1. Relative contact order for the stretch B:87-241: what is it in percent, counting Cα pairs under 8 Å that are at least 6 residues apart?
2. Treat each spin label as a single point 7 Å out from the Cα along the C-beta direction, and report the residue A:303 to residue A:82 distance in nm.
3. Name the long-range amide H neighbours of residue B:293: under 5 Å, sequence gap of 5 or more, or other chain; modelled H, no Pro or chain starts.
4. At 7 Å along the Cα-to-beta-carbon direction for both residue B:281 and residue A:112, put a label point, then send me their distance in nm to one decimal.
5. Around residue A:72, with a cut-off of 11 angstrom between Cβ atoms, what is the net charge of the other residues, counting Lys and Arg +1 and Asp and Glu -1?
6. Can you give the FRET efficiency to the nearest 0.05 for residue A:96 and residue B:226, using r as the Cβ-Cβ distance and R₀ = 51 Å?
7. What is the mean number of Cβ atoms from other protein chains located within 10 Å of the Cβ atom of each residue in peptide B:182-189, rounded to a whole number?
8. Length gain on complete extension for the stretch residue A:202 to residue A:168, per 0.36 nm per residue less the alpha carbon to alpha carbon distance?
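Taken together, the values in this text are just the output of simple stated rules run on the coordinates, not laboratory data. Note that this is a predicted model, so its numbers are computed, not measured. We place every Cβ from the backbone using ideal geometry, glycine too, and count neighbours over all the protein chains shown.
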Amino acid sequence: MAVNVMKHCVKCTRVWNQLARCQPVLSRCYQTNNNGEQVADIVISGGGMVGAAMACSLGHESVLQNKKIILLEAAPQKQFKLTEKLSNRTCTLSPASIQLFERCGVWPVIESMRCQQVLRMQVWESCSNSLISFNQDEMSDELAYVAENDVILESINRRLNEIKDRIEVMYSTKAENIQIPGGLDEPDSNAWVNILLNNGQTLKTKLLVGSDGMNSTVRKAANLHTVSFDYNQKAIVAVLNISETDNNVAWQRFLPTGPIAMLPMSDTAMSLIWTTSPEHADHLRSLSSESLVDAVNDAFWHDRDINQVADNFTNNFQKLLNNILPGESSLRQLPPTITGLQEGSVASFPLGLTHASNYVRHRVALIGDAAHRMHPLAGQGVNLGFGDVAKLTEIITKAASDGSDLGTLSYLKEYETSRQRKVLPVMATIDGLQRLYHTDFTPVVLLRSLGLQATNALGPLKNKIIEKASD
Amino acid sequence: MLSRKTLKLIGCGNYCRSCILTSNNCKTLTSVKFGTSRSSSLHCPLALTFSKLRYQKAGMCSGFQIGRNCSSKSQNRPVVTTTMDEEELKHFQALAKSWWDETGDFEALHAMNKLRVPFIRDGLVDQNDIVESDGLPLKDLTIVDVGSGGGILSEPLARLGAFVIGLDPVEESTTIAQLHLKEDPRVQCRVKYINGSVEDLASTESEKFDAVVASEVVEHVADLVSFVESCCKLLKPGGSLFITTMNKTVLSKSLAVFAAEKVFKIVPEGTHDWEKFVPPEDLKVILENNNMDVKMIHGMLYLPVFREWKWVKDTSINYALHAVKIDPTDVADDRL
Ligand SMILES: Cc1cc2nc3c(=O)[nH]c(=O)nc-3n(C[C@H](O)[C@H](O)[C@H](O)COP(=O)(O)OP(=O)(O)OC[C@H]3O[C@@H](n4cnc5c(N)ncnc54)[C@H](O)[C@@H]3O)c2cc1C
Ligand SMILES: C[S@@+](CC[C@H](N)C(=O)[O-])C[C@H]1O[C@@H](n2cnc3c(N)ncnc32)[C@H](O)[C@@H]1O
């Protein structure tokens, strides 16, 4: 018997030597096999701003450098050229988003192309004189930068091209049919997610990240429940011209029909985002350029909506605040006058809110608009998406350094918990603000006036709001 | 002498309440051994070699089973994989579900990976002065996972670059562990499960490994002293031993119910002697007697509500330990 044992153990040593020689096999395991099936550790479906940022961010994690990561984008690769012409789709990038871009080498590219710093933000309303303003000196860092969506996406894509040995991007490739294992009947499943592509190929992965936007195919395949709400509102966007100034202030005024905002794009241009009723939006779109410019100027300047009761009351309240906290009241600045608009830059979009009750399940995680789409009121939409990217990168990196299967639910749950803790309050606040400002009923007007004034005078409280708005 | 020791530990006797197999089970189930290597061969040419090896040596003893004491039968044991009866298949499936169901009976073991994998990783990185940045900090280190069960801990260690031998006396577990590798080319070529006891491996493979891991095993063994001795023997000088152990009441759901009662309906005799929690002080003494230097002992606490483990000071319920085999050449250097 003892002899027998010895023999086995000689064999065991052989096993060992074979294991040690097996390494090259590893890479071969991950190559396309005969059936046109390709295997990847992570597949990101949807190469919009959020999905591309996800790929780029993962590509910069050294712990993941031996993992195979694929990004799918339905649209063909764009040949982008920066021209004088500004785009009507812009984002206000928060410091946290900028940090993410700095970490993965995208920020210098954006800066070298085009973006504008926001040093001050003024929010006021048409129904009373209350106002809230955020200045740079109240903030340790700059509030934000405004950049065109095209510029952001192009910058990320250029960076992705530089790290293409780590991230494979498949353009003109659509995930058409997705099968996700691990239903209730097979909780122990070690199986793969199977993705059928429009070119007939099949991709297999251990973790599928859904960044395929509002109508996410991934979300549907994962059977993740959503709550949707249609605001019955539309947003008008356009590029506005102003006479040249140090253009570093973002302006937002709440009108009874919804908020109108102008973001600085360059020293002579503003990006307009005007949220209003569908009828009003259609009317605005039908106007000539000159009439639309007049309408925008009017919307920022007029005081027809001033509610007498509320205004008297808030004036007194302001005095009271001045007594308690002298020197804390802000000076109102006046917005610049619009001189014209860039031809062909006017467009409109319907607005809604969609929120997935769960962002993850076994082997699947949703990011960006696929998980949450909201009213663009606070310019939060895409920043929340980039926040998802930062957190999911952190979680995947942690799973990898713990040697875990990357699609393990317990890690993905950490991502979900952390993000929902951030996203839900923002959604509730924005949804609440939207409803609050969508009325001219006196008690509500009064309440919000007082609310705005109090937050402006009470520095610490305002700092809290800034923190919230910019992370 | 060897066979006696074997008899005591894996000798188809009662070595472990949770993972017990009687001689009867042993007889009927040996035939499934590494039956899975054939399917693995689809992904990894190495597996082919494994199965070839197995068929060639079929007349003697199948696969990489070592030190089975049923030696009289092993001479003519069939190697085909179809001799299992229905009843056993059912057990097999029940076991398979349990090991890899993250939220099932072994939930606490899965959750523990978030603590113990970094503990082992950092211990080894520290001990071996490893500098890495490519996600494979344990690259090419050789590790034996003693009492590997379904491979919950073996797989992550392999993903970090190590070559892992998972050793477990319970055949169903090694089979299931092997099966689970099938869908994972990243680890498939770096892990091999062996059905056997640590004593037998130690008798031929002494001083061969960079690390030995025995996680949640020592509270199940019949003879702790010789178990630890064998673990230490496997280590190269300077090699690391990692042990984690817990008070079994915490895991009562996962273990006691699992194998002994639910599956095999066996309540072994004399369980009290070796069901006890091993206090860290006792373990430390045994290790020091084996020329080991205990580097670190950390308390651990399980929070079932959060399904989460936390590091704590208190080592009286669960703890993780890292010890290093004293390298005689180092000692000599120190004296100079
Ligand atoms: C009028 C308006 C104004 C806005 N203003 C702001 C603002 O000021 N600030 C702000 O932060 N946010 C704003 N947003 C929101 C912001 O634009 C979105 O949050 C952001 O674009 C979401 O990015 P995403 O990558 O998640 O989704 P998307 O940009 O929708 O990208 C999804 C990508 O997935 C691809 N895709 C889809 N299906 C598949 C498939 N099956 N296979 C492969 N690829 C697929 C698509 O081609 C697309 O490229 C605004 C939105 C609107 C409508
Ligand atoms: C609680 S499980 C731990 C499994 C694995 N180490 C993990 O943590 O995921 C205990 C394992 O120890 C094994 N075992 C019990 N007695 C053993 C012994 N004497 N030698 C080696 N393994 C033993 C059992 O078969 C069982 O798989």
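1. After rounding, I find 20 percent.
2. 4.2
3. Counting only residues 5 or more places away or on other chains, the set is B:324, B:325, B:326.
4. Result: 6.6 nm between the two label points.
5. On the way: positive: A:174; negative: A:73, A:168, A:176, A:212.
Its environment carries a net charge of -3.
6. It comes out at approximately 0.35.
7. Details: counts 2, 8, 5, 8, 11, 3, 4, 10.
Mean partner shielding for this stretch: 6.
8. 10.7 nm
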